[in-house]
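The values are calculated or read from the model by the stated rules, or taken from the named source; none is laboratory data. What you are looking at is a predicted structure, and each value in this text was computed from that prediction instead of being measured. Quick reminder, even Gly has a Cβ in these numbers, built from the backbone with ideal geometry, and neighbours come from all protein chains shown.
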Amino acid sequence: MTPASTPIPPRISRRKLITGGLAAAAGASGLWTADRLARRYGLIPPDHGGLYGPGETLTYAAQRLLTVHSLAREFPRSMISKAPFANEVAPPNAAFKAHQANGFRDWRLVVDGMVAHPLSLSLSDLRSMPSRSQITEVVCEEGWSYIAEWIGTPLHEVLREAEPLPQVRYIFYDSIEHNSWDSLDMADALHPQTFLTWGMNDGDLPVRHGGPLRMRVPRQLGYKSLKYVVHLTATDSMKKFGKGLGSVSPEYGYAWYAGI
Ligand SMILES: Nc1nc2c(c(=O)[nH]1)N[C@H]1C(S)=C(S)[C@@H](COP(=O)(O)O)O[C@H]1N2
Ligand SMILES: [Mo]
């Protein structure tokens, strides 16, 4: 995520009004009704209440009700981009460089919080779990995209071992990069295409694309696909993380829920 000190590029708003029950209700009786319906169904995003409060709730709740079981489009191998664009990230910090010098042997994914079995998984632990591949598109809110094959361990496989408690509503995920973290609700955390990715286009996941371990969330904009993931926490509320908005993005005006 862009550090606070650098100018923020204008991002294209992808917020779309979805024609569905909630959107229709909003048209008929105002945002207040949509907001009430969203509350009834527990569809309140963590960044609700800010500048875009009712609007974010409407977008999130309408998309959730319409798309909860849908898959991101998968592409044929022939459509894999020849030169995938790697978005700029902050220069690797000392901790990352030490891991890199050591061939990422000591890289761990720590899984904690409200789980029956806290875990600490090496990259080879992750690779020995059931793995999958998908050919999907990374779509940046700045207007570019590329298609790649992603190979990884579905997040639901890791959660199956950790066993989140019944009251868990979000999975927080953190990068080794300073102040770079996000969260998913359980529909996206358990979604079959949400991967902890360690391979790309039949090789190891390159560092520029988030290697050795990256979250891939193909039904949301690129910024949810956090690079250099080291930590997952199962939680019943995102209020205890940062400013309580679910991720760093809403602090810059980008939605926590970035469905595409
Ligand atoms: N740790 C970290 N992850 C990140 C970012 C970042 O700056 N730091 N940028 C995000 C954004 S805005 C996009 S669009 C995608 C870009 O992925 P790519 O470099 O593979 O194209 O990575 C996302 N993941
Ligand atoms: Mo992005």
With the checklist (1) without any contact (Cβ under 8 Å) to a residue 40 or more places away in the chain; (2) surrounded by fewer than 21 Cβ atoms within 10 Å (Cβ to Cβ); (3) within 28 Å of ALA61 (Cα to Cα) in hand, flag the one item GLY203 doesn't pass. (3)
Would you mind telling me which numbered condition in (1) within 16 Å of ligand 1 (Cβ to nearest atom); (2) modelled with pLDDT under 95 LEU190 fails? (1)
From SER183, SER175, SER237, which residue is surrounded by 21 or more Cβ atoms within 10 Å (Cβ to Cβ) and either more than 30 Å from LYS82 (Cβ to Cβ) or in contact with a His (Cβ under 8 Å, 6 or more places away or on another chain) (or both)? SER183
Checking PRO164 against (1) farther than 28 Å from SER78 by Cβ; (2) crowded, with 16+ Cβ neighbours inside 10 Å; (3) under 16 Å from the mean Cα position of the chain (by Cα), only one condition comes out false. Which one? (3)
If we ask which residues in region 125-166 are touching a helix residue (DSSP H, G or I) at 6+ places or on another chain (Cβ under 7 Å) and aliphatic (A, V, I, L, M), their number turns out to be 7
Which residues, taken from region 96-111, are closer than 30 Å to MET186 by Cβ and either loosely packed, with under 15 Cβ neighbours inside 10 Å or in contact with a Cys (Cβ under 7 Å, 6 or more places away or on another chain) (or both)? VAL110
Within region 167-199, residues without any contact (Cβ under 8 Å) to a residue 60 or more places away in the chain and among the β-branched types (Val, Ile, Thr) come out as THR194, THR197
Looking at region 210-234, I want the residues that are within 21 Å of ALA72 (Cα to Cα) and within 10 Å of ligand 1 (Cβ to nearest atom) and have a partner that is of a type in the set (Val, Ile, Thr) and modelled with pLDDT under 95 with Cβ atoms under 8 Å, at least 6 apart or on another chain. Which pairs are those? LEU221/ILE260; LYS227/VAL89
Has region 83-100 got any residue that is in contact with a Ser or Thr (Cβ under 6 Å, 6 or more places away or on another chain), away from ligand 1 (no atom under 16 Å from the Cβ) and either of a type in the set (Lys, Arg) or in the same structural domain as SER183 (by TED's automatic domain parsing) (or both)? no
Out of the residues in region 208-239 that are of a type in the set (S, T, N, Q) and within 13 Å of ligand 2 (Cβ to nearest atom), which is farthest from VAL110 (Cα to Cα)? GLN220
